[in-house]
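Report on the structure given below.
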Amino acid sequence: MDQWNGRLDYVVNGGNSVFFKYGQNPFAEFRGLVFAAATPAEPSGNTPTQRNGRNWVADWTSTLSPRMTFNLRAGLARWEEASGNSFGTGYDPRQLGFDSSLVAQFTRHQFPGFVFGSYQQLGNGSGIAPANNDVYTIQPNFSVVHGKHLFKFGFEGRQYKETASDPGASSGSYTFNKNWTQQRAQTADAVSGNELATFLLGYPSAASVAKNIDPYYTNRYYALFIQDD
């Protein structure tokens, strides 16, 4: 994992100075891969897993008088994350024989997920799900010397924003168990039935399709303070 940080300081004049700062630590990995080559049927949900923390800061300090200074700071702290299956993103399920009227109802095209009990799953069913968490801040502060006292007072405002996109199994997840090919469909036994045989018949034991919302949240926080040293 790499971490990058940069800062620029600039003295405007004898009474004013500013600095700008930026940092990030991007991280991405492909993990839990089942197949050696990239294929839409890859079942791993971490292709890739992405994380990145970013931070922007701008600061201005001004000497208003021999007894008073003013400082204004603003910043943005952002956390970015994403996971899911990029190999199957955009795959048209009609290539697998899915009916066009069904595919037309899918919110996004993705290689579906097929679960075969004791056999290897094919596809993940879930596309890339990015999410951002932002915290915007602004802090105007004053420092005043008066006799034996050093007064500090100011304000802090924050705005929290969260955006998320989770398509889920937008093209469906389909489970095939032994039940439709075992001796009695409603009575399990250890010697009859096979998940792949059920799959070849085209009879899923369970199926679901996700139609998720993409939420967007905003919260605000305000505070005043005064301190006497």
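The values are calculated or read from the model by the stated rules, or taken from the named source; none is laboratory data. Keep in mind that this is a model prediction, so the values were computed, not measured. Using ideal geometry, Cβ is built from the backbone for each residue, glycine included, and neighbour counts are taken over all protein chains shown.
Every residue in segment 89-102 that is over 24 Å from residue 38 (Cα atoms) and not acidic (Asp, Glu), please. Lay out the reasoning, then the answer.
Start the filter on segment 89-102 by keeping residues that are over 24 Å from residue 38 (Cα atoms), which leaves 99-102.
The answer is 100, 101, 102.
Name the strands (runs of 3 or more DSSP E) wholly within segment 1-106 that hold at least 1 residues that are touching a Gly at 6+ places or on another chain (Cβ under 7 Å), on the phi > 0 side of the Ramachandran plot and surrounded by 12 or more Cβ atoms within 10 Å (Cβ to Cβ)? Spell out how you get there, then give the answer.
On the way: elements: 4-13, 16-24, 27-29, 49-65, 68-85.
Because the criterion is at least 1 residues that are touching a Gly at 6+ places or on another chain (Cβ under 7 Å), on the phi > 0 side of the Ramachandran plot and surrounded by 12 or more Cβ atoms within 10 Å (Cβ to Cβ), the strands (runs of 3 or more DSSP E) in segment 1-106 that meet it are 68-85.
Condition first: in contact (Cβ under 8 Å) with a residue 60 or more places away in the chain and among the aliphatic types (A, V, I, L, M). Now tell me which residues in segment 144-178 satisfy that. It would help to see each step written out before you state the result.
We begin by selecting, within segment 144-178, every residue in contact (Cβ under 8 Å) with a residue 60 or more places away in the chain; these are 144-146, 149-160, 167, 170-178.
The answer is 144, 145, 150.
Does at least one position in segment 179-192 carry a residue that is of a type in the set (Lys, Arg), touching a residue at least 12 places away in the same chain (Cβ under 8 Å) and surrounded by fewer than 13 Cβ atoms within 10 Å (Cβ to Cβ)? If you could, list the steps in order and put the result at the bottom.
Looking only at segment 179-192, we keep the residues that are of a type in the set (Lys, Arg), and these are 184.
Applying the additional criterion that residues be touching a residue at least 12 places away in the same chain (Cβ under 8 Å) yields none.
So far as segment 179-192 goes, no, none of its residues is of a type in the set (Lys, Arg), touching a residue at least 12 places away in the same chain (Cβ under 8 Å) and surrounded by fewer than 13 Cβ atoms within 10 Å (Cβ to Cβ).
Please name all residue pairs, on different chains or six or more residues apart, with Cβ atoms under 7 Å, provided the first residue is in segment 78-93 and is closer than 16 Å to residue 26 by Cβ and the second residue is modelled with pLDDT under 90 and of a type in the set (Lys, Arg).
none
Taking segment 186-211, which residues are within 19 Å of residue 174 (Cα to Cα), assigned to a strand (DSSP E or B) and over 35 Å from the mean Cα position of the chain (by Cα)?
None - no residue of segment 186-211 is within 19 Å of residue 174 (Cα to Cα), assigned to a strand (DSSP E or B) and over 35 Å from the mean Cα position of the chain (by Cα), so the list stays empty.
Can you pull out the strands (runs of 3 or more DSSP E) entirely within segment 112-173 that have at least 3 residues that are closer than 30 Å to residue 68 by Cβ?
Answer list for segment 112-173: 129-146, 149-164.
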